Structures are given as C-alpha cells and as structure tokens.
Amino acid sequence: MRFILLGAPGAGKGTQAKYLTERYAIPQISTGDMLRAAISAKTPVGVLAKEVIDRGELVSDEVMIGLIQDRIALDDCKDGYLLDGFPRTLPQAHALRDMQVRVDAVVEIDVEHSEIIRRISGRRVHEESGRTYHIESKPPLKDGIDDATGDPLVQREDDREETVKRRLDIYEKQTSPLKAYYSEWAASDDAAAPGYVYIKGVGSVDDIRDKIFSELDALNKTS
Ligand code: AP5
Ligand code: MG
C-alpha cells in the first residue's frame with residue numbers, strides 16, 4: 001500500500017503515521033524527519049535546509065523531489081510506504097505523478113488552526129526516532145524522557161509560536177491546493193487515481209486512528 005498523509009503542521013500526521021505503518025507493515029517517509037536528520041548530520045542538504053526550516057518556510061521543490069526519488073527507490077519501499085509531509089506543493093504532486101507512483105489513498109487530516117497552535121506548543125519529540133508526545137494529551141511515562149530509549153525529549157526549533165503561524169500561512173497558500181488536486185482526481189474516472197479520505201482530526205488520538213482505519217477499509221471494499 002502507498003499512502004499520502006495530508007494536513008497542516010501539527011494536524012497529527014506523524015502521530016497517526018505510526019499506527020498506519022504498523023498496520024500495513026510499511027515504512028514511514030517523513031520528509032521533515034529526513035531533513036532534521038540531515039541537519040544533525042550536517043550534510044549539504046541539511047546545511048541548506050536548516051535556515052529555511054527555522055524560518056518556517058519550505059525547502060525547494062527540486063531538493064525535496066530528489067530526496068523522495070532516492071528514498072522510495074530503497075529496498076524497504078518495495079511493498080509500499082507512507083508519505084508524511086510530501087508532496088507539499090503542486091509541483092511536488094506533479095513530480096510524484098510523473099514518477100508513475102501509484103498511490104492507493106490520500107488521507108487528509110483536518111484540524112482548526114487554534115487547536116494546532118495548542119498542539120504544537122505542547123509537543124515534545126525524541127530527536128533520533130521522531131517519536132512525538134504532547135505534554136497534556138500524550139505525555140511520556142516520565143516527564144521529558146522518551147518511553148522507549150530513556151533519552152531526553154526536546155522541543156523543535158520551528159515550534160515557536162511566530163514560526164508556527166508562518167508555517168500555517170504557507171500551508172494555506174502552498175499545500176492546501178493539494179486537497180482539491182487529489183480529491184478531484186479521486187472523483188475522476190482515471191483508474192490510476194488514488195482514493196481520497198477526509199478525516200476531521202479532532203478527538204482523541206485513538207478515535208482518529210480508528211476513523212482512518214475504517215475509512216481506509218471502506219475504500220478498499222469499494223475499489
Ligand atoms: P514536518 O516535520 O513535516 O512538519 P509539519 O508538516 O509542519 O508537521 P508537524 O510534524 O509539525 O506536525 P504533524 O502533523 O506531524 O503533527 P504531530 O503528529 O507531530 O516539516 C518540517 C519542515 O520541513 C517544514 O516546515 C519545511 O520547512 C520542511 N519540509 C518538510 N517536507 C517538505 C516538503 N515536502 N517540501 C518542502 N519543505 C518541506 O502532532 C502535533 C502535536 O499534537 C503532538 O504533540 C501530538 O502529540 C499532538 N496530537 C496529535 N494528535 C492529537 C490529538 N488527536 N489530540 C491532541 N493532541 C494531538
Ligand atoms: Mg510530523
């Protein structure tokens with residue numbers, strides 16, 4: 001199975017990605033996590049990406065398309081994958097289509113901006129794995145400590161309020177057109193079109209997971 005998770009910063013893409021990858025036994029390809037790993041390793045892409053990410057802006061389409069092309073060619077992607085954070089612009093979506101990647105479903109997670117700001121300000125992450133917590137709604141077992149490894153949790157640099165507002169602004173301008181792009185394609189009679197699943201991303205993490213699973217099951221039955 002190949003999936004795309006579509007949603008604003010903080011909508012819960014990373015949180016839900018963990019359940020989907022477990023259920024379908026596929027890797028999660030989070031472009032944000034890949035870029036943060038490149039920044040830590042100080043690779044050329046990382047050096048280039050750091051300033052852009054810290055400003056809350058998007059890394060160039062050219063760099064991102066190249067990264068994805070290389071990533072999905074790896075062996076662990078042969079039975080499918082989940083794209084979390086890609087595509088994020090129309091040119092990226094066109095590039096994916098040009099690569100003849102057959103996507104089974106696009107899952108949109110829709111959350112209001114006020115709730116997003118609450119979620120992001122309480123987010124804490126385990127840097128190495130990308131595991132995500134929230135100080136109120138999904139706290140770690142021990143304050144500030146990753147459950148699995150015992151490493152300290154950190155707050156992302158781009159999670160400051162001003163940067164989050166900028167990211168949301170850019171999402172509305174550059175990424176939200178993908179909703180119409182994919183839902184119109186899904187409604188067309190093109191047999192290669194992915195299915196489109198819309199999920200209202202409010203409620204508990206488990207409720208949202210169950211909604212996504214049941215919508216995907218329903219999609220599978222009709223296709
Ligand atoms: P990326 O890392 O992808 O950031 P993002 O899209 O801004 O998304 P987030 O990771 O912030 O949010 P999320 O939806 O994963 O939410 P999460 O599950 O963590 O990208 C970072 C940057 O890299 C971009 O700004 C850009 O510069 C660059 N980049 C990446 N891809 C690119 C591309 N394709 N093109 C160009 N540039 C690119 O949840 C958020 C919080 O809410 C957590 O604390 C979580 O515990 C909590 N939470 C989740 N669900 C719930 C719930 N149901 N109830 C309460 N709390 C919840
Ligand atoms: Mg994420």
Accessible area per residue in Å² at 1.4 Å probe, computed on the chain: 52 Å²
Determine, for region 2-218, the count of lysine pairs separated by eight or more sequence positions (or lying on different chains) whose alpha-carbon distance falls under 21 Å. 22
Charge sum, other residues only, whose C-beta stays under 10 Å from G195's C-beta, Lys/Arg counted +1 and Asp/Glu -1: -2
Taking all protein chains as present, what is the carbon and sulfur share of the accessible area of region 2-218, in % to the nearest whole number, probe 1.4 Å? 51 percent
Neighbour-limited loop hits for trypsin sites (Lys or Arg not before Pro), region 86-182 (at most 15 other Cβ within 10 Å; DSSP other than H, G, I, E, B): R102, R160
Towards the positive end of the charge dipole of the chain, with charges on Cβ (+1 Lys, Arg; -1 Asp, Glu), say which of L168, I26, A218 has the farthest Cα. L168
Working with all protein chains in place, sort M99, M1, M64 by solvent-accessible area computed with a 1.4 Å probe, largest first. M1, M99, M64
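Expressed in nm to one decimal, what extension gain is obtained for the pair Q100 and A191 from 0.36 nm per residue of sequence separation less their Cα-Cα distance?
Extending this stretch completely gives an extra 31.5 nm.
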Per the Cauchy relation, a quarter of the hull surface: what is the mean projected area of the convex hull of the alpha carbons in the chain, in nm²? 11.8 nm²
Simple spin-label estimate for D210 and D76 in nanometres, 7 Å along Cα-Cβ: 3.1 nm
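The values are calculated or read from the model by the stated rules, or taken from the named source; none is laboratory data. The shown structure was predicted, so the numbers you read here are calculated from the model rather than taken from an experiment. Ideal geometry is used to build each Cβ from the backbone, glycine not excepted, and the neighbour counts take in all protein chains shown. Side chains included, ligands, DNA and RNA excluded: accessible areas come from the protein's heavy atoms. Shrake-Rupley method; radii C 1.70, N 1.55, O 1.52, S 1.80 Å.
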